[in-house]
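Peer 1: Could you have a look at this structure, given as structure tokens, before my questions?
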Amino acid sequence: DQQVKQNSPSLSVQEGRISILNCDYTNSMFDYFLWYKKYPAEGPTFLISISSIKDKNEDGRFTVFLNKSAKHLSLHIVPSQPGDSAVYFCAAPTPLYGGATNKLIFGTGTLLAVQP
Amino acid sequence: DAGVTQSPTHLIKTRGQQVTLRCSPKSGHDTVSWYQQALGQGPQFIFQYYEEEERQRGNFPDRFSGHQFPNYSSELNVNALLLGDSALYLCASSLDLGSLNTEAFFGQGTRLTVV
């Protein structure tokens, strides 16, 4: 049961152009989403998040959009840089232990390659 | 701040053997979660430890067990290794603030290969 889905395994973009990474979810109880970036031989690092009370959150070159009715979110990177080449994971926290903590439900990831 | 550290970084084991992976959480963090990332998949939750107890576990067999020490560091043990246990094992630490949306910080992972 894949509650968080990233249907594009890979994406190639030219440097300076926009990268758009997509994520779909099935559980309408999810109310917070995170994007993690992962380089080879490193653990995932937090990039940006969005709460369900918003439809957009921006941090520098990174913007996440949330469409709750479609259960879809997207990460926009503009302008894309070669250093952005990595695997990007969409994730949603789900309650553990009566809601006092959480576990993360991850998508399968999208490998972004930014060509110089 | 050293962040989350895991050891070893790589490990090769034979089918049927047992393995122990280690994790030191980020300074000040008291909660440790373990995830398994198989090739081409996203990380899958194994279990979480807080105050030296397992809080909850994901859909993993009892061959997977863990421990948390008083200094909050943690171990993941896997018995009777199967070829399918080959994966990247990630440790994530966080601070229990009673909030659903507490940020988790990940270590670099241990790459386990079972042959």
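Peer 1: Hey, could you pull the Cα Rg and Dmax for chain A, both in Å?
Peer 2: Final numbers for Rg and Dmax: 13.9, 48 Å.
Peer 1: Counting pairs on different chains as well as pairs 8 or more places apart, how many Lys pairs in the stretch A:1-109 have Cα atoms under 20 Å apart?
Peer 2: 14
Peer 1: Rg (Å, one decimal) plus Dmax (Å, integer) for the alpha carbons of the protein assembly as shown?
Peer 2: When restricted to the Cα atoms of the protein assembly as shown, Rg and Dmax are 17.6, 50 Å.
Peer 1: Go through the stretch B:1-67 and name the trypsin sites (Lys or Arg not before Pro) that are in a DSSP coil and have 15 or fewer other Cβ atoms within 10 Å of their Cβ.
Peer 2: Within the stretch B:1-67, the qualifying trypsin sites (Lys or Arg not before Pro) (loop, at most 15 other Cβ atoms within 10 Å) are B:R15, B:R63.
Peer 1: Could you run the Debye sum over the Cα atoms of chain B, one equal point scatterer each and no solvent, and tell me log10 of I(q)/I(0) at q = 0.23 Å⁻¹, two decimals?
Peer 2: Summing over Cα pairs of chain B leads to -1.36.
Peer 1: How big is the dipole moment of the stretch A:1-94 about its Cα centre under a simple scheme where the beta carbon of each Lys and Arg is +1, that of each Asp and Glu is -1, and everything else is neutral? Debye, nearest 20, please.
Peer 2: Here the size comes out at about 120 debye.
Peer 1: Let me ask something else about it. Given a Förster distance of 30 angstrom, what is the FRET efficiency for B:E54 paired with A:I53, based on the Cβ-Cβ distance and rounded to 0.05?
Peer 2: Once rounded, the FRET efficiency stands at 0.35.
Peer 1: What does the charge add up to near B:T31, with Lys and Arg as +1, Asp and Glu as -1, over the other residues with Cβ less than 12 Å from its Cβ?
Peer 2: Spelling it out: positives minus negatives among the neighbours equals -4.
Peer 1: With +1 on each Lys and Arg Cβ and -1 on each Asp and Glu Cβ, how big is the dipole of chain B about its Cα centre, in debye rounded to the nearest 20?
Peer 2: 560 debye
The numbers here are math on the coordinates, done by the rules we state, and not lab data. Note that this is a predicted model, so its numbers are computed, not measured. We place every Cβ from the backbone using ideal geometry, glycine too, and count neighbours over all the protein chains shown.
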